[in-house]
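Below you'll find the structure, written out as structure tokens, and then a few comments.
We did not get these values from a lab; they are worked out from the coordinates using the rules stated. Keep in mind that what you see is a predicted model, and the values were worked out from it rather than measured. Don't worry about glycine lacking a Cβ; one is built from the backbone with ideal geometry, like all the others, and counts go over all protein chains shown.
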Amino acid sequence: MNKIVIHGGNPLNGTVQVSGAKNSALPLLCATLLTGGEHRLSNIPQLRDIRTVFELLKTLGAEVDFTGDSAVINADRVESIEAPYDLVKTMRASVLVLGPLLARYGHARVSLPGGCAIGARPIDLHLKGLAAMGAEISLDHGYVEARVERLKGATIYFDMPTVGGTENLMMAATLAEGTTILENAACEPEIIDLAKALNGMGAQISGAGTDTITIEGVDTLQPMNHRVMADRIEAGTFMVAAAMTQGDVLVKDATDMQAQFMAMLTLANGTSVIAENVFENRFMHVCELQRLGSNIRIDGKQALVEGVGMLLGAPVMATDLRASASLVLAGLAADNTTEVSRIYHLDRGYERLEEKLLALGADIQRVAI
């Protein structure tokens, strides 16, 4: 178990290189299951969730060689269509193997996903879409099982935009018979990055980045050769860090910024209102920010933040990935020492964050406890 110790008050200055985006790398790695051959990906961040997906791919039978920020994956000999609970339980993105396995093999069995405990994350929209494409879906003892002879193109309307659902169905539709149209699709940059990689494999996808995506199914795909996009969330975190410490930082290669912006707004003049309309329980970091002297009140799905003159360091505990980042940011600006425990949450999404902040002038270190 580790914690991060921060002596706040140092302005951050310098240049920082943003790592590859975890939320782009994860679906890209799952997409390698769509076809055999050697897939090559670069700019992959060295994170726990990435290692979990590598273990999952190897469990399914793929060969993985991960060196530095580059990976070579050979999915010729995929011998299993089951993603087991012991791997999927730690990370919800593991469900993204469902679409590729079903599209390629006509059968997939995937444990229901885990990840941050921040409320319900139903995959009903994934399953509804696959069923519309002809799959027979069953739920039994915590597993989703899907079967189909070959997926058929369909017009699918998402009741609400879903990044994972859009990614899963977009991957599945690349090998479906006919045309698939995804309406009310997610528009995030990671969707565009995935579509770019899939098109490079021979898929025919248009409209990625808009709310209507069209996929013309093809019979075969080629191995992937792709560089993962930069992590916009990490970039935003460093921007907030610079603003909160009154520094001057160039973020190179640059909506999960709610927690980070809340940390910044604790020091803003006047009252700020933050609305969380997507996730449940995404205000769990408020109690920890209050330990540092912030003035925040929760009212349903809104947080009212009254700016204070300064924050004071204190021991705090991370509750999820973005919350841990918000506590680090608050610690950078606080007087005295802040200790952030349970930073395994942080390690799920930030690569060497304390090292990068140290290089910008922060007084920060990771210590074993």
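Across the stretch 338-352, rounded Karplus estimates of 3J(HN,Hα) from the backbone phi angles (6.51 cos²θ - 1.76 cosθ + 1.60, θ = phi - 60°) give 10, 10, 9, 9, 6, 7, 4, 4, 4, 5, 6, x, 10, 8, 6 Hz, Gly and Pro being marked x.
Rounded to the nearest 20 debye, the dipole size of the chain about its Cα centre is 380 debye, using +1 on the Cβ of Lys and Arg and -1 on the Cβ of Asp and Glu.
Since only Leu327, His141, Val18 are under comparison, the one whose Cα sits farthest along the positive direction of the charge dipole of the chain, derived from C-beta charges on Lys, Arg, Asp and Glu, is Leu327. Here the average projected area of the convex hull drawn through the C-alpha atoms of the stretch 22-227 stands at 9.7 nm².
Note on the stretch 212-369: Cα-Cα pairs beyond 29 Å make up 24% of the total pair count. Each of Asp140, Asp335, Asp69 was scored by other Cβ atoms within 10 Å of its Cβ. Listed from fewest to most, they are Asp140, Asp335, Asp69. According to the calculation over all Cα-Cα pairs in the chain, the P(r) per 10 Å bin from zero is 5, 24, 31, 23, 13, 4, 0 %. Here the stretch 1-117 is assigned +1 on the Cβ of each Lys and Arg and -1 on the Cβ of each Asp and Glu. Its dipole about the Cα centre then comes out at about 360 debye.
Measuring between their Cα centroids, the stretch 235-268 and the stretch 339-355 lie 16 Å from each other. Packing here is the average count of other Cβ atoms within 10 Å per residue, and on that basis the peptides 93-100, 187-194, highest first, run 93-100, 187-194. Ranked by the mean number of other Cβ atoms within 10 Å of their residues, highest first, the peptides 242-248, 296-302 fall in the order 242-248, 296-302. Listed by chain and number, the lysines whose alpha-carbon sits under 30 Å from that of Lys128, ignoring those within fewer than 8 places in the same chain, are Lys22, Lys58, Lys89, Lys152, Lys196, Lys301. Quick one: if the Förster radius is 35 Å, what FRET efficiency do Asp140 and Asp76 give, using the C-beta to C-beta distance and rounding to 0.05? FRET efficiency, Asp140 to Asp76: 0.70.
Each Lys and Arg adds +1 at its Cβ and each Asp and Glu adds -1 at its Cβ; summed about the Cα centre, the stretch 22-227 shows a dipole of about 260 debye.
Placing a label point 7 Å from the Cα of Leu250 along the Cα-to-Cβ direction, the residues of the stretch 1-33 with a backbone N closer than 15 Å are 13-18.
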